[in-house]
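First the structure, in the form of structure tokens, and then the observations on it.
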């Protein structure tokens, strides 16, 4: 049985590595504002801690067919925070509202996407029992 050598590399290197390590040397050390805005809410909370805002409601909905999709994206863009996560079939829109300020915008978006399969209502970016049946009607009371 042949003996396996202890070292893989030769004692004397054949070539010398370059001093630069492209493309990594030009990357910034801190993320940009666009990268921070694109973070998933749970990841943002894990990195930066809990939000100082007392309450938020997020409507999370996938891409869907129909004429209401363009309207839903437009209404989601008017949210306090709008993020698109994923790509292709797994792409979702996360529209976060702070109900004390825009309960009417939240209701308008929910009327468009509430019946879409895969639509979720998140309270403080977490699924909560009875979010559709209890939390949203309570927020509708804030509409003047």
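Coordinate-derived values only; no laboratory data. Computed from a predicted model, the values in this text were never measured in an experiment. Positions of Cβ are generated from backbone atoms using ideal geometry, with glycine treated the same way; all protein chains shown enter the neighbour counts.
Full-extension gain between residue 89 and residue 50, please, as 0.36 nm times their residue separation minus the C-alpha to C-alpha distance. Show your work: numbers first, answer last.
Details: separation 39, 0.36 × 39 = 14.04 nm, distance 2.99 nm.
Once the chain is fully extended between residue 89 and residue 50, it gains 11.0 nm.
Only helical DSSP H runs with n ≥ 4 go in: add -39500 (n - 2.57) per run for the chain, normalise by residue count and round the 222 nm mean residue ellipticity to 500 deg cm²/dmol.
Details: 5 runs with 39 residues, N = 144.
The helix-only estimate for the chain comes to -7000 deg cm²/dmol at 222 nm.
Any chance you could give the angle, 0 to 90 degrees and rounded to 10, that helix 68-77 forms with the longest Cα principal axis of the chain?
Here the helix axis deviates by roughly 80 degrees.
Under 4 °C and 1.567 mPa s, how fast does segment 69-144 diffuse according to Stokes-Einstein, given a Kirkwood radius computed over C-alpha pairs? Answer in µm²/s, whole number. Could the numbers behind the result be given before it?
Values: Rh = 12.9 Å.
Stokes-Einstein gives a translational diffusion coefficient of 101 µm²/s.
Of [x] 110, 14, 11; [y] 30, 21, 13; [z] 48, 18, 16, which one was derived for semi-axes √(5λ) of the Cα gyration tensor in Å from the structure shown?
[z]
Given a Förster radius of 41 Å and the C-beta distance between residue 32 and residue 1 as r, what FRET efficiency does 1/(1 + (r/R0)^6) yield to the nearest 0.05?
Computed FRET efficiency for residue 32 and residue 1: 0.10.
Of the peptides 109-120, 33-44, how do they stack up when ordered by the mean number of other Cβ atoms within 10 Å, highest first? Don't jump to the answer; show the numbers that get you there.
Working: 109-120: 16.6, 33-44: 12.5.
Sorting 109-120, 33-44 by mean packing, highest first, produces 109-120, 33-44.
P(r) for segment 48-110, please, calculated from all Cα pair distances in 5 Å bins and given in %.
For segment 48-110, the pair-distance distribution reads 4, 18, 27, 24, 15, 9, 3, 1.
Given a Förster distance of 35 angstrom, what is the FRET efficiency for residue 141 paired with residue 64, based on the Cβ-Cβ distance and rounded to 0.05? Walk me through the intermediate numbers first.
Numbers: r = 29 Å, r/R0 = 0.83.
With a Förster radius of 35 Å, E is 0.75.
List 71, 3 from most exposed to least, where exposure is judged by having the fewest other Cβ atoms within 10 Å.
Details: 71 14, 3 5.
Ordered by Cβ neighbours within 10 Å, fewest first: 3, 71.
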